[in-house]
Amino acid sequence: MPTYEPILLKNMQQPGYGGSLADYERTGGYQALRKVVGKVSPSDVTAVVMKSGLRGRGGAGFPTGVKWGFLPKDYQGPRYLCCNADESEPGTFKDRQLIERDPHQLIEGIVIACYAIGAASSYIYIRGEFVLGAKILEQAIAEARATGYVGKNILGSNVTIDVWVHRGAGAYICGEETALLESLEGKRGLPRVKPPFPATHGLYNKPTVVNNVETLANLPHIMTRGAEWFASIGSPPKSTGTRVFCVSGHVARPGNYDVPMGITFRELIYDQAGGMRSDKKLKAFIPGGASAPFLTPDHLDVKLDFESVAQAGSMLGSGGVTVMEEGTDMVWAALRLMEFFYHESCGKCSPCREGSSWLVQVMRRIVNKRGQMSDLETLTDLCKNIAGRTVCAFGDAEVAPIMSTLKHWRHEYVTLIHAAETANLIRPEAVGRH
Amino acid sequence: MLKETHQAEIDDILSRYPVKRSALLPLLYLAQRAQGYVTEPAMQEIAGILKLTPPQVYETATFYTMLNLKPVGKFHIQVCKSLMCALVGSDTLIAWIDTKLGIRPGATTADKLFTLSAVECLAACGTAPMMQINDDYYERLTEDKLDRILADLRQTGASSLKTGPFMWPEPSGAKS
Ligand SMILES: Cc1cc2nc3c(=O)[nH]c(=O)nc-3n(C[C@H](O)[C@H](O)[C@H](O)COP(=O)(O)O)c2cc1C
Ligand code: SF4
Ligand code: FES
């Protein structure tokens, strides 16, 4: 089995590495910050990041350097960086590891990003449940501040960059960047209508960049080893670098794997994650978190890069790969995810709020063997009337499990409905029930 | 009153934000830590500190599931029931807890020691089934581990079986 040089998980995989400032410096940590802050012009930093091809790891895969470039050049007031550490897409658990095991790698990345975009303050918006992660970050920031890597006049450069930890309080939608900003402003986490985009009207209506933890953690490595190095890894030119893929479900060795983009699902699942946990065969997998449409064994040779997964009809999303074995009930699986979306819909727009509730009801009815054939049309109609008609991308995400399982495993829905019809024959009181 | 007991911490929180309202979640957390849940007088006091109206505070507080507006048990057990955990046994875990403590999701034991909630993904899907109890994660749970954790909590209020800093899989060579 091929082995790859990890980028983001490399330090923490060294024996005895505890993530302290001393540990991090021993592996070459903060050299990028020393090289860059006050020495390289911010626009040159952005140019390097652009050239590296780095794309956002939070879900949408937007090129990071390009996003930074959208900030108004001549704007004199404050600008902000927000690090998105909300990590609540089911199937995703990489940011937690990056934070708890190597906090300084992230902090160095944040300072470099702030420097590039001209932000003097940044907030790490971390999901409330990560109590340990928030503590570890607070301690690491204090260490970095005491050493002069964070705060006023960084290493005598006259540059001031502060980093603060801000805890969320249990709401998936606050991972959506504009909901995150609302939440950080002390409001309910309701996504904003875009445009305007955070680049011009972000936190406190000021120019703001929101980047994911993993995106930012790549920056020290890109600045130290160069854009060409980074751009040569993975599936260039469009999917460069490694990704920390989170493998869960019915595999022998679930967990985080830091591997180049462009390897196949087969390699990730069977080589890295040890294959299936028993002799049951793979039946289905989700390639990029709960929002990504399900794929089938026919897709095992699809490459794990943004374009290939999109071509296969799904998305690389957050990098959460969930594997399901033969015997898994796909309608049940879709319902579980639908219940998640129903619970997490923020309620701001009606297609999502009402639609998610309706979808859950219909799905429950089918799973409980009380469905009827017309329910399948109802599901399709509802999904079509949600996707693309909502304030935020949650609407597109929530229909993915149902639409994709209906596409690949329609017969399982039909079997459940036939079972319902048979039951109704011997259960007259249930006839006509909706 | 929070101001009397936590003035230094309140000042520290306020110093982090250019706009006061941003301190709302941190102050609500502070109130919850101090009193076990977010009380109405606390919300009124926070409104005063941030120059907000009490409804503005209430509106935000009710949006977030981690803010308890009612008292919960001393140990709040939250089992993740989202798909990735459900694939490898979270429903069984919930059933074990029901058998051992006699509570289903949403309920608190009569002695007010344990509250059980079934929650959505806690970002520990590769180490499922899992639960969070108060601030701590417990992962790769088995019935035996659950027994030990509950016994530990009853006896000492803490359990060494909590997990983190998180890394999975552990590097080859390390023991699991
Ligand atoms: C419903 C929803 C939930 C999201 N949750 C997260 C999240 O938990 N973490 C994250 O980094 N991005 C999340 N995103 C994506 C963010 O909106 C945003 O694109 C991302 O943080 C940008 O950072 P990046 O360019 O570095 O990927 C979510 C998006 C949506 C629509
Ligand atoms: S799509 Fe759903 S989550 Fe997004 S704004 Fe509308 S109601 Fe809220
Ligand atoms: S699905 Fe349970 S922790 Fe993610």
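The values are calculated or read from the model by the stated rules, or taken from the named source; none is laboratory data. Predicted model only: the values in this text are computed from it and were never measured. Heads up, the Cβs are rebuilt from the backbone with ideal geometry, glycines too, and the neighbour counts pull from every protein chain shown. For the accessible areas, the whole protein counts, side chains as well, though only heavy atoms, and no ligand, DNA or RNA atoms are used. Shrake-Rupley method; radii C 1.70, N 1.55, O 1.52, S 1.80 Å.
Against the 2.2 N^0.38 Å scaling, with N counting residues, where does the stretch A:241-325 land? I'd like the Cα-based Rg ratio to two decimal places.
Working it through for the stretch A:241-325, the quotient is 0.93.
Using a 10 Å cut-off on Cβ to Cβ distances, tally the other chain neighbours for every residue of A:159-169 and report the average as a whole number.
3
Name the long-range amide H neighbours of A:Lys283: under 5 Å, sequence gap of 5 or more, or other chain; modelled H, no Pro or chain starts.
Those lying under 5 Å, H to H, from A:Lys283 are A:Met324, A:Glu325, A:Glu326.
When the Karplus curve 6.51 cos²θ - 1.76 cosθ + 1.60 is applied with θ = phi - 60°, which whole-Hz ³J(HN,Hα) does each residue of the stretch A:362-378 get, with x for Gly and Pro?
Residue by residue, the stretch A:362-378 yields 5, 5, 4, 4, 5, 4, 7, 6, 10, x, 9, 3, 5, 4, 5, 5, 4 Hz.
Starting from the Kirkwood Rh over alpha-carbon pairs, what translational D in µm² s⁻¹ does chain B have by Stokes-Einstein at 4 °C and 1.567 mPa s?
The estimated diffusion coefficient comes to 72 µm²/s.
Evaluate the relative contact order of chain B (contact order divided by residue number), counting alpha-carbon pairs under 8 angstrom at least 6 apart; express in whole percent.
Numbers: 220 pairs, mean separation 27.1, N = 176.
Dividing the mean separation by the residue count of chain B yields 15 percent.
Have a look at the protein assembly as shown and give its Rg and Dmax from the Cα atoms, expressed in angstrom.
In order Rg, Dmax, the Cα atoms of the protein assembly as shown give 24.0, 83 Å.
Please identify every one of the trypsin sites (Lys or Arg not before Pro) in the stretch A:199-285 that sits in a loop by DSSP and has no more than 13 other beta carbons within 10 Å of its own beta carbon.
A:Lys280, A:Lys281
Between B and A, buried accessible area summed over both sides at probe 1.4 Å, in Å² to the nearest 100?
Using a 1.4 Å probe on protein heavy atoms, the buried area is about 4600 Å².
Quick one: 3J(HN,Hα) in Hz for the stretch B:29-42, Karplus 6.51/-1.76/1.60 with θ = phi - 60°, rounded, Gly and Pro as x.
Per residue, the Karplus-derived 3J(HN,Hα) values read 4, 4, 4, 5, 5, 6, 10, x, 7, 8, 8, 5, x, 5 Hz.
Quantify how much of the Cα-Cα distance distribution of the stretch A:289-334 extends past 15 Å, in percent.
The answer is 43 percent, as a whole percent.
Under the rule of at least 5 residues apart or a separate chain, name every residue whose amide H is placed under 5 Å from the amide H of A:Asp162.
When sequence neighbours closer than 5 places are left aside, the close amide H contacts are A:Ser121, A:Ser122, A:Gly151.
Taking a temperature of 37 °C and a viscosity of 0.692 mPa s, what whole-number D in µm²/s does Stokes-Einstein yield for the stretch A:8-60 with Rh from Kirkwood over alpha carbon pairs? Can you show the working numbers first?
Details: Rh = 13.4 Å.
Result for D is 245 µm²/s.
Go through the stretch A:1-46 and name the chymotrypsin sites (Phe, Trp or Tyr not before Pro) that are in a DSSP coil and have 15 or fewer other Cβ atoms within 10 Å of their Cβ.
Within the stretch A:1-46, the qualifying chymotrypsin sites (Phe, Trp or Tyr not before Pro) (loop, at most 15 other Cβ atoms within 10 Å) are A:Tyr4.
Can you give the mean number of other chain Cβ atoms that lie within 10 Å of the Cβ atoms in peptide A:89-101?
Mean shielding by partner chains, rounded to a whole number: 5.
Rg and Dmax in Å for the stretch A:254-413, alpha carbons only: what are they?
Both quantities, over Cα of the stretch A:254-413: 15.9, 46 Å.
Summarise the accessible area of the protein assembly as shown (1.4 Å probe, protein heavy atoms) by the percent that is carbon and sulfur.
Accessible surface attributable to carbon and sulfur in the protein assembly as shown totals 53 percent.
With viscosity set to 1.306 mPa s and temperature to 10 °C, compute the Stokes-Einstein D of the stretch A:330-430, Rh being the Kirkwood radius across alpha carbon pairs; µm²/s, no decimals.
So the translational diffusion coefficient is about 116 µm²/s.
Accessible surface of B:Asp136 in the full protein assembly, 1.4 angstrom probe, to the nearest 10 Å²?
Taking all protein chains as shown, B:Asp136 has close to 50 Å².
List, in order, the whole-Hz ³J(HN,Hα) value for each residue of the stretch A:260-270 obtained from phi through the Karplus relation with A = 6.51, B = -1.76, C = 1.60 and θ = phi - 60°; use x for Gly and Pro.
Result, ordered by residue: x, 4, x, 6, 8, 4, 4, 5, 4, 6, 8 Hz.
Just need the Rg to Rh number for the stretch A:11-232, please, alpha carbons only, Kirkwood Rh.
With Rh from the inverse mean 1/r over Cα pairs, Rg/Rh is 0.93.
On average, how much accessible surface per residue is there in the protein assembly as shown, in Å², for a 1.4 Å probe, leaving out ligands, DNA and RNA?
On a per-residue basis, the protein assembly as shown sits at 39 Å².
Is there a pair in A:Lys187/B:Lys162; A:Lys67/A:Lys152; A:Lys348/A:Lys384; A:Lys10/A:Lys39; B:Lys51/B:Lys74; A:Lys39/A:Lys135 whose C-alpha atoms are over 21 Å apart, and which pairs would that be? Walk me through the numbers on the way to the answer.
On the way: A:Lys187/B:Lys162 33 Å; A:Lys67/A:Lys152 26 Å; A:Lys348/A:Lys384 19 Å; A:Lys10/A:Lys39 27 Å; B:Lys51/B:Lys74 33 Å; A:Lys39/A:Lys135 32 Å.
Long pairs (Cα-Cα over 21 Å): A:Lys187/B:Lys162; A:Lys67/A:Lys152; A:Lys10/A:Lys39; B:Lys51/B:Lys74; A:Lys39/A:Lys135.
Give me, ordered by chain and number, the residues 5 or more places off A:Gly168 or on other chains with an amide H under 5 Å from its own placed amide H.
Answer set, sorted by chain and number: A:Ile126, A:Arg127, A:Gly128.
So for the stretch B:2-61, what are the equivalent ellipsoid semi-axes in whole Å, largest first, each being the square root of 5 times an eigenvalue of the Cα gyration tensor? Don't jump to the answer; show the numbers that get you there.
Working: eigenvalues 47, 42, 18 Å².
Rounded to whole Å, the semi-axes are 15, 14, 9.
Using packing as a proxy for protection, rank A:199-208, A:168-177 so that the peptide with the highest average count of other Cβ atoms within 10 Å comes first.
Most protected by this proxy first, the peptides run A:168-177, A:199-208.
Past the 18 angstrom mark, what percentage of all C-alpha to C-alpha distances in the stretch A:73-120 do you count?
When every Cα pair of the stretch A:73-120 is considered, 43 percent fall beyond 18 Å.
Dipole size in debye (nearest 20) for the protein assembly as shown around its Cα centre, Lys and Arg Cβ +1, Asp and Glu Cβ -1? Before the final figure, lay out the partial values.
Details: 65 positive and 63 negative charges, 128 e Å.
Charge dipole of the protein assembly as shown: 620 debye, to the nearest 20.
Taking every pair of alpha-carbon atoms in the stretch B:75-156, give the share separated by more than 17 Å as a whole percent.
Details: 1238 of 3321 pairs.
Roughly 37 percent, rounded to a whole number.
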